[in-house]
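Notes follow once the structure below has been shown.
Since every read-out is calculated from the coordinates, none of them should be taken as a lab result. These numbers were taken from a predicted model, which means no experiment stands behind them. Glycine also receives a Cβ, built like all others from the backbone with ideal geometry; neighbour counts cover every protein chain displayed.
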Amino acid sequence: MKKYNFDEIIGRKGSDCFKWDALPSMYGRDDLTPMWVADMDFRSPDFVFDAIRHRCNHEVLGYTMPSEGYWNAVTSWLHKHYEINTTKESLHFIPGIVAGIAYTLLCFTQQGDKVLVTTPVYPPFLNLPNESGRELVCSPLRIIDGRFAVDFDDFERKARGCKLFIMSNPHNPAGTIWGRETLARIADICERNGILVVSDEIHADLTLPPHKHQSFSTVSPSAADNSLTFMAPSKTFNIAGLGSSICYVANEAIRKRFFGWLDALGVAGGNIFAFTAAEAAFANGEEWLAQMLDYLNGNVALLKDFLAAKMPKVKPVLPEASYLAWLDFSAYGIDHKVLADRFINEAKVVMNDGTTFGGEAFSCCFRLNLGCPHAMLKEALENIASVINS
Ligand SMILES: Cc1ncc(COP(=O)(O)O)c(C=O)c1O
């Protein structure tokens, strides 16, 4: 029985929401449909609001700490969904995953150290090494049968001399699931080269059935021993504005060093609503999540059918996890700048420009966010198609 209504169009303008309210400052107009920033236009779950409202009955908002209930909800979720068997001692709150990756860079690498990523990739993976004086090393992914794949010859060559590999697992853009075999090869190369692995698994909970997520930490004992894993309820339950993420580190020495650093930074205290929301989400979220993933699968099917019918020259990489699709428009032969301008000013749809995921190699590619009601997606696709086909 369907309990939640993901068809509802919820006006978000004027709620200080980045996706909608930053449009005038970013694009000079506010009559755009935002299919960019990676959150969803769905109502966040009722059980999260109930928990926040309940907490507000106590009217002191002083310093807080994670409760046993929070830790139980987190460890049960990790065990049930990913076979990560851990206790709270191997976990640490972090306010956000981008911040967590920044703390990792500062803790485990020095200025000038090489940091490996696979492109195209979520832009902060490029910006963090660049802005912190590390040397960014990019290994381009290949597209095989409509899926991103690691080019292991290139990856192995580029890995030499690197200190850290920042991995998006599943991969943003396009929610590619890295299977056990790929992850095991990555683990092997990184271990042989003395490279610490950061596995950003923020999109893991959004794995679309029948796909299955594999946490890097569960590939082998040595992968677990040589990695930090970041997860969060933020994408899963559409509560990214609360800043509530988790770091899992199996290796005791890495853990001591990293968790000590996090405590020194003063981020361990978290915030009341982040803990409250995360606990409520993990403890009560199974049914909401299952229905939401079913709805997202409907959007992926809608996109696939629409492309085949109305924009057959677009080469897509469709999500196996998350609500992000990677669309390559280059077969239409339209100059990248012209295309980007027409999407904004004629189609009035905002997608993320592919160049921000790794440079000019990705011009004419755009990342489309499908985390919205079917009707909104359909209208945006019609508008994109009318620009492409005119
Ligand atoms: C791969 C990936 N990591 C991290 C983030 C952001 O995480 P946070 O808001 O916790 O910093 C995103 C958001 O889109 C993402 O796609």
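Annotation note: trypsin sites (Lys or Arg not before Pro) in the range 107-211 located in DSSP loop regions with a Cβ neighbour count of at most 15 within 10 Å are ARG160. Relative to the 2.2 N^0.38 Å rule of thumb, the range 61-282 has a C-alpha radius of gyration ratio of 0.97.
How would the range 243-390 be classified by its alpha-carbon gyration tensor: rounded, prolate or oblate, with rounded meaning a/c under 1.5 and the a/b versus b/c comparison settling the rest?
Verdict is prolate for the range 243-390.
Cross-link reach is defined here as a Cα-Cα straight distance under 17 Å, omitting same-chain residues fewer than 8 places apart; for LYS256 the lysines meeting it are LYS88. Only Cα pairs under 8 Å and 6+ residues apart enter the sum, and on that basis the relative contact order of the range 61-282 stands at 26 percent.
Holding the Cα-Cα limit at 28 Å, pick out from LYS158/LYS304; LYS2/LYS212; LYS235/LYS315 the pairs that are longer than that. Present the calculation step by step, with values, prior to reporting the outcome.
Values: LYS158/LYS304 34 Å; LYS2/LYS212 23 Å; LYS235/LYS315 26 Å.
Distance filter (> 28 Å) returns LYS158/LYS304.
Just ILE84, ILE144, ILE272 to compare: in a GNM of the chain, with alpha carbon springs under 10 Å, which one fluctuates most? Greatest mean-square fluctuation among the candidates belongs to ILE144. Other residues lying with their Cβ under 15 Å from the Cβ of ASN271 contribute a combined charge of 0, Lys and Arg counting +1, Asp and Glu -1. Extent along the principal axes, Cα only, for the chain: 59, 56, 39 Å, with the longest axis given first. When you restrict to C-alpha pairs under 8 Å that are six or more residues apart and normalise by the size of the chain, the relative contact order lands at 23 percent.
Springs join every pair of Cα atoms under 10 Å in this Gaussian network model of the chain, and among ALA174, ALA250, ALA331 the largest mean-square fluctuation is at ALA331. Calculated [222 nm] ellipticity per residue, helices only, for the chain: -12000 deg cm²/dmol; basis is -39500 (n - 2.57) per DSSP H run with n ≥ 4, divided by all residues, nearest 500. Between the range 350-380 and the range 101-117, the alpha-carbon centres lie 29 Å apart. Just in the range 21-78: which trypsin sites (Lys or Arg not before Pro) are loop by DSSP and have at most 15 other Cβ atoms within 10 Å? Answer in residue order: ARG29, ARG43. Computed from backbone phi with θ = phi - 60° and the Karplus coefficients 6.51, -1.76 and 1.60, the 3J(HN,Hα) list for the range 132-138 is 9, x, 8, 9, 7, 10, 10 Hz; x is used for glycine and proline.
Across the range 153-277, the relative contact order, built from alpha-carbon pairs under 8 Å that are at least six residues apart, equals 20 percent. Considering only beta bridges that DSSP places wholly inside the chain, some 50 percent are antiparallel. The distance from the alpha carbon centre of the range 197-227 to that of the range 33-93 is 19 Å, rounded to a whole number. Computed over the chain with a Gaussian network model linking Cα atoms closer than 10 Å, the most mobile of ALA224, ALA253, ALA325 is ALA253.
If you keep only loop residues by DSSP, which GluC sites (Glu not before Pro) in the range 290-390 have at most 11 other Cβ atoms within 10 Å of their Cβ?
On the way: sites: GLU320, GLU346, GLU360, GLU379, GLU382; in loops: GLU320.
Hits after loop and neighbour filter: nothing returned.
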